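Since the structure comes first, as structure tokens, the remarks are kept for the end.
The values are calculated or read from the model by the stated rules, or taken from the named source; none is laboratory data. Quick caveat, the model's predicted, so the values are computed rather than measured. We place every Cβ from the backbone using ideal geometry, glycine too, and count neighbours over all the protein chains shown. For accessibility, only protein heavy atoms count, side chains too; no ligands or nucleic acids. Shrake-Rupley method; radii C 1.70, N 1.55, O 1.52, S 1.80 Å.
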Amino acid sequence: MANKPAEDPVQPHPVKEQLPGIQYCINSPPPWPEAFMLGFQHYVLTLGFSVLIPSLIVPQMGGSDAEKAKVIQTLLFVSGLNTLFQSLFGTRLPVVVVGSYAYLVPTISIVLAKRYASLTDPQDRFIQTMQGIQGALIVASCFQMVMGFLGFWRNTVRFLSPLSVVPCVTFTGLGLYHLGFPMVAKCVEIGLPGLIIVVFISQYLPHLLKTKKPIYDRYAVLLSIAIIWLYAQLLTSSTVYNHKPTNTQKSCRTDRTGLLSTAPWIYIPYPFQWGGPTFNAGESFAMMAASVVSLFESTGTFFATSRYGSATPVPASIISRGSGWLGVGVLLNGVFGSVTGTCASVENAGLLALTRVGSRRVIQISAGFMIFFSVFGKFGALFASIPLPIIAALYCIFFGYVSSSGLGFLQFCNLNSFRTKFILGCSFFLGMSIPQYFREYYRQDFKSEHIYSGHGWFNDVVSVIFMSHATVASVVALILDCTLFRENDATRKDSGLHWWEKFCLYSSDVRNDEFYALPFCLNKLFPSL
């Protein structure tokens, strides 16, 4: 009987510095028609936060639907400019820059400040509150630009290893869980079908209906939104919600946003359109704390975006440069008056994974759509009237994609090391548990309005920082990773530092110029370190 050849032992999957399977990476744009469709898809996804944040804040400021429409247009306009600046001069990654949820606590604190409580005219209260928000944002932007452009954030990021990057990126996605299914459940009859349909179209339909080019997975967002939006319109027209509670009608109906009727046909936002900013030291400190949170969350998004753009891990100097340009974005938000600061969009980073298109050109086209539809308000208001539970159904997919990107860095770590297990377990648990405590504390104080007393700015600072899952998890992981015998060669290898070190410096990998070099030969004037 012939001897059978010995079978090769089963080998684990190899480590990949760049994610395979991406059809169009950062520097390989798709054809123009496809690029425009994908850019429009990214634009539609940005409408979630661009509508949600002003809808939460402007009514509390005393603003009407007309003011809300203008604030939404302003936020979209500035987001388009910031996205262009970030893709051209910042990290050069396919990153969309949108309004940040991290600035919500200090913004609401300004809205509920006692000095505005005596104003009886809603218009005056709106204007003066907006001016206070603008002043705090301008101060926070200066702080963030100093952190980024002077290299302070670069020196912080260089302490990261693949092990400490895992909680940072993972919780950048997981930390937004309260904006996923809880928002879907606000109108479960359209949100849940939206979640099911986007999963079916993107994951199952491409295997059931074979096409020469990827269609269903690449355009799943547009297809699913069109189907559920039509379904929501049929429910609205059939008078199903006529006798439902007001909150249900706002979440489910397609005609309750008040944007289409109040948005001007043409409106060009301009600096200080609400008047000159006013400044308050305590409110500025609270807004600076929000900018620190934005730095952590945007850093996690940068790492995820580089992965889904099939680029090398982002060098620390590039992250710092991008953070500085995020500070420029916060400055523009303060100057134009858009009630919130900026951060790198988590949901748009997840969309890169779904479409497998990480092209920079697509993101720049989406920035063009943001600017265009912010100027021509009626057209933009039409898309902005999409019920938020439909957008939240997409968040359930895209936030998860970003979280899984963070878990992908575990391939460079030793998962059989008890040191690795301790750092991961401790940072993950505290990253969930500590923000949950402060979220409950914040809500309790919100009801009693104690946190918004004249001396409550320190409470705002603490609440903003410790309510951020990504910030808490990143800080815990970074401290433990740097202090638990990191000088030992074995522990450095367990953390993945033997592989990571060549990506810490810009000049250590020749591929960095391909992905992150500034255009127009600006690298010679502003070299990366």
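Data for the structure
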| quantity | calculated |
| --- | --- |
| Whole-Hz couplings from phi, Karplus 6.51/-1.76/1.60, listed for segment 175-184; x for Gly and Pro | x, 9, 4, 6, 9, x, 5, x, 6, 4 |
| Ellipticity estimate at 222 nm from DSSP helix runs (n ≥ 4, -39,500 (n - 2.57)) divided over the chain, nearest 500 | -20000 deg cm²/dmol |
| In Hz, Karplus ³J(HN,Hα) per residue of segment 241-257 (6.51, -1.76, 1.60; θ = phi - 60°; x = Gly, Pro) | 9, 4, 10, 7, x, 4, 5, 5, 5, 5, 7, 9, 6, 8, 10, 10, 6 |
| Over 30 Å (Cα to Cα) - which of 212/250; 244/378; 16/213; 70/114; 213/502; 210/502 fall in this group | 212/250; 213/502; 210/502 |
| Long-range HN-HN contacts of residue 343 with modeled amide H, under 5 Å | 98, 100 |
| Positive-pole candidate from 107, 190, 402, dipole of the chain, charges at beta carbon | 190 |
| Accessible area (Å², per residue) of the chain, counting only protein heavy atoms and a probe of 1.4 Å | 42 Å² |
| The chain - charge dipole about Cα centre, Lys and Arg +1 at Cβ, Asp and Glu -1, debye rounded to 20 | 580 debye |
| Extension reserve of the residue 281-residue 150 stretch, reckoned as 0.36 nm per residue once the Cα distance is removed | 44.8 nm |
| Cysteines, the chain, no other Cys beta-carbon under 4.7 Å | 25, 142, 168, 343, 396, 413, 426, 482, 504, 521 |
| Estimated inter-spin distance, residue 226 and residue 27, nm [label 7 Å along Cα→Cβ] | 3.5 nm |
| Heavy-atom accessible surface of the chain: percent carbon and sulfur, 1.4 Å | 66 percent |
| Anchor residue 186: aspartates and glutamates whose Cα lies under 18 Å away (excluding residues fewer than 8 positions away in-chain) | 255 |
| Neighbour-limited loop hits for chymotrypsin sites (Phe, Trp or Tyr not before Pro), segment 261-345 (at most 16 other Cβ within 10 Å; DSSP other than H, G, I, E, B) | 265, 272, 279 |
| Charge dipole (segment 138-222, unit charges on Cβ, about Cα centre) - positive-most of 146, 161, 207 | 207 |
| Value of relative contact order over the chain, rounded to a whole percent, pairs C-alpha under 8 Å and six or more apart | 32 percent |
| Cα→Cβ-extended label distance, 7 Å offset, between residue 521 and residue 507, nm | 2.0 nm |
| Cα→Cβ-extended label distance, 7 Å offset, between residue 482 and residue 118, nm | 4.7 nm |
| Dipole of the chain, positive direction: furthest Cα of 337, 386, 89, with charges on the beta-carbon | 386 |
| At least 20 Å along the helix axis (C-alpha) and Kyte average at least -1.0, DSSP helices within the chain | 32-61, 65-89, 122-149, 220-237, 281-308, 316-336, 360-375, 388-407, 418-448, 469-483 |
| Chain lengthening between residue 489 and residue 210 when straightened (0.36 nm per residue, less Cα-Cα) | 95.4 nm |
